[in-house]
Structures are given as C-alpha cells and as structure tokens.
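Please read the structure below before turning to the comments.
Any read-out appearing in this document is the output of simple, stated calculations on the displayed coordinates, not a laboratory observation. Just so it is clear, the structure is predicted and the values come from calculations on it, not from any experiment. We place every Cβ from the backbone using ideal geometry, glycine too, and count neighbours over all the protein chains shown.
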Amino acid sequence: MPSIRPVYAVSSIFSRTAFVFTALCFAAGAADAQDSAAKKPIVTPGFNLSVFAKGTGGLVTAPDSLAVLDGHVWVGYANSGAPDGTNGAMSVIVEYSPDGSVLKTYQVTGHNDGLKVNPYTREIWAMQNEDANPNLVIINPATGQASKPYTFAKTLHGGGYDDIVFKDGQAYFSASNPTLNASGKNMGPAIVRVLHLDANNYTVDVTPVMRGSLDASDIPFGTVATLNLTDPDSMTLTPSGDVLLDDQGDAQLVLLRSSGGEPRVQYLPLLGNVQVDDTVFATANRGYLLVSDTKANTVYKISANVWQRDAAFSASTGVAAAGTTPAVPGYVGQLDMHSGALLPLVTNLASPHGMVFVPTENQQ
C-alpha cells in the first residue's frame with residue numbers, strides 16, 4: 001500500500017496496522033472523557049488526510065453518500081430531515097470538480113441516502129427516504145436536469161430503499177428498515193431489482209431478488225447458517241462482480257454471488273461486532289479515498305502513494321464501550337474479506353458513512 005515499499009503484502013499491512021490500531025484503542029480509552037467532537041482525526045502512518053469539501057450550512061449539511069463520474073464528485077447532503085421523508089425533509093446533491101469546487105447543486109424532496117452512477121446511461125441516481133415512503137430522482141449531468149421524483153408501490157418489506165448497484169444492465173436496491181414479524185424475523189426481501197422504470201408516470205416497479213431470511217455459508221469457515229437480515233443498508237459490487245450487502249445492525253456483510261457460483265449466498269461476520277456503512281474497493285494502484293464524516297459536516301480525502309488494487313475499505317461507526325473496554329471512535333479501515341477484520345487507516349472520526357475510491361491513473 002502506501003510509501004516505504006512499492007507495494008505492501010497484505011499480511012504486512014495487517015500486522016503493522018494491528019499494532020497501530022491497538023495504540024489507537026489505548027489512546028481512545030485514555031481520552032474517553034473528552035468531548036469527541038473536539039478531537040481531530042488520527043491518521044495511520046503512510047496515509048495522508050485532507051478536507052475535500054465541507055457543508056456550508058442551511059440545506060447543505062450532513063454529507064453522506066458519494067459518487068464519482070468523469071472525475072467529478074457527487075455528494076448527497078441529507079441535512080436534518082427525517083429518514084422517512086416526513087417533516088418536510090429536503091436534501092441537496094452537490095457536484096464538485098476534482099479540486100473540490102462546487103459546480104452545480106440539485107435540491108431533492110426527501111432524505112437522501114443512496115447515490116450511485118448508472119454506468120449504462122451515465123446518469124446519477126439519488127434514492128430518498130430509506131425508512132419509508134421512498135422516491136428516486138435521476139440526474140442527467142450532461143443536461144444538468146433532474147427528474148421528478150419516481151415513486152414506488154407499497155414496499156413488500158415495510159420500509160424504504162437505501163442503496164443502489166448496477167449489474168448486467170439491471171438496477172438493484174437494498175430493502176432497508178424492514179418490518180419484523182412477531183418473532184423478530186425479516187420475512188420480506190433484502191434486495192430487490194427494478195422491473196420497469198416508467199418515465200411517463202414516474203413510477204418504479206421492483207421484484208424481490210434475495211430474501212431477508214435465508215441460508216448462507218460463513219466465509220471464514222464454510223459452515224451454513226440461517227441469516228435474519230434485520231438492517232440491510234449499503235451495497236456495492238466486488239471486483240468479481242458479486243453484490244455485497246451491508247447488514248449493518250447485525251455486524252455482517254452478505255455476498256450475493258454471480259449466477260453459477262456456489263454457494264449462492266455467503267456472509268462475513270465482522271470481528272468485534274463492528275458495524276460498518278459503505279464498503280468500497282480500490283480500482284487502481286493510484287488514487288484516493290473519499291469518506292463523508294456526517295456529524296463533522298466534512299468530506300475527507302485519504303491519500304497514499306500506492307494502493308493495493310481490489311483491496312476493500314469500510315467506514316465503521318466505531319465500537320461502543322463495554323464494561324472495562326473503552327469505546328473506539330468511528331474510523332475508516334482496510335477490510336480483510338477472509339476474516340472480517342477491519343484495521344484502521346484513519347480513526348477518531350465523528351460518524352463516517354459514505355465512501356468512494358477515486359482512481360487517478362489509467363485503469364487498464
């Protein structure tokens with residue numbers, strides 16, 4: 001990964017970073033009584049941190065989801081609106097140049113949480129209201145026009161839709177905030193696929209793809225268990241084209257493998273019951289990570305001399321204190337997709353959520 005050697009081996013990254021992580025945990029414990037909002041982020045040696053953008057107040061606060069198209073960075077500011085769209089929730093989508101200059105802003109009705117580039121149409125899809133009453137707004141960067149909100153029929157899982165991925169010409173949504181049955185089970189879908197996007201009536205029809213209660217194989221050991229996905233959240237595509245779903249509240253990632261793969265569904269328990277939001281993969285050796293620290297109203301840029309291509313990185317909301325174990329603040333870490341260990345690049349963040357990797361070299 002970063003400087004000192006051209007490319008670190010994965011094992012050396014994790015052993016080295018584990019030492020730093022231990023030191024950071026002790027530092028966090030010693031400073032537990034301090035006001036965390038006043039602390040500055042702590043950066044693991046070999047990485048650099050800078051501010052890419054900050055909310056400007058009013059309707060441009062609380063940055064969350066991030067997307068990149070042709071080097072331009074798109075940031076969804078959800079402000080203080082309710083995640084079910086009530087109380088007049090309004091969000092703003094801001095398009096930035098690579099140097100962080102504001103190019104254009106779009107105001108959308110509702111609480112924005114999902115923001116992705118449709119690679120087939122080169123449009124920006126913005127999903128609002130992850131808890132209930134979802135709507136979708138599609139922005140055409142070429143014309144600078146945003147659509148009316150597309151609406152959905154009553155959701156099968158009782159909640160809203162959160163994140164978006166595009167695969168094989170199809171669009172998929174995570175079915176967030178499910179209504180659980182009397183036994184606490186999610187009997188609805190965890191992922192749905194778009195069947196029809198009606199540009200005349202501004203409606204979206206979807207169909208279930210993956211259930212909220214299903215059997216899956218544990219990645220570290222290969223044992224099969226019945227999952228109950230109570231908190232489907234962020235989604236992304238892995239380098240091999242699999243759909244990776246964050247079951248945030250259950251501290252695990254769920255892998256829906258490409259057709260023909262066996263087992264069809266796998267899951268990765270996160271060590272220490274760490275909860276994460278976005279997970280992204282480095283698509284080039286040169287580039288940088290962007291992470292939105294929502295409560296700090298800041299989008300940070302994490303730089304390194306070189307990145308391990310296809311390595312995974314996640315934003316963790318941190319670990320609460322338990323007994324004599326001190327709390328660990330929010331952090332961004334490198335994720336071991338075999339063990340579920342998340343070891344930090346930058347810690348002492350307020351509430352990291354959205355992430356994106358921005359390549360700065362030819363990806364061939």
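Structure notes:
- Rg/Rh (Cα only; Kirkwood hydrodynamic radius) as it applies to region 262-342: 1.01
- The amide H of Gly188, built 1.01 Å from its N in the peptide plane, has Gly212 as neighbours under 5 Å, considering only residues 5 or more places off or on other chains.
- FRET efficiency, 1/(1 + (r/R0)^6) with R0 22 Å, evaluated for Arg264 and His338 via beta carbons: 0.70
- Rounded to the nearest whole angstrom, the semi-axes of the ellipsoid equivalent to region 126-250, taken from the Cα gyration tensor as √(5λ), stand at 27, 18, 11, largest first.
- Virtual paramagnetic centre 7 Å along Cα→Cβ of Leu59, amide N under 18 Å, in region 103-133: 103-114, 126-129
- Charge tally around Pro41: other residues with Cβ under 12 Å, Lys/Arg +1 each, Asp/Glu -1 each, net +2.
- Among the listed pairs Lys116/Lys154; Lys54/Lys154; Lys104/Lys301, a Cα-Cα separation exceeding 27 Å is found for Lys54/Lys154.
- Its relative contact order, with pairs defined as Cα atoms under 8 Å and 6+ residues apart, puts region 123-220 at 21 percent.
- Cα radius of gyration and Dmax for the chain (Å): 19.6, 59
- Across region 61-147, the volume of the C-alpha convex hull divided among the residues equals 81 Å³ per residue.
- Potential lengthening between Leu180 and Lys167 on full extension [0.36 nm per residue; Cα-Cα distance subtracted]: 1.8 nm
- Residue among Ala89, Ala132, Ala320 with the largest mean-square fluctuation in a Gaussian network model of the chain, springs linking Cα atoms under 10 Å: Ala320
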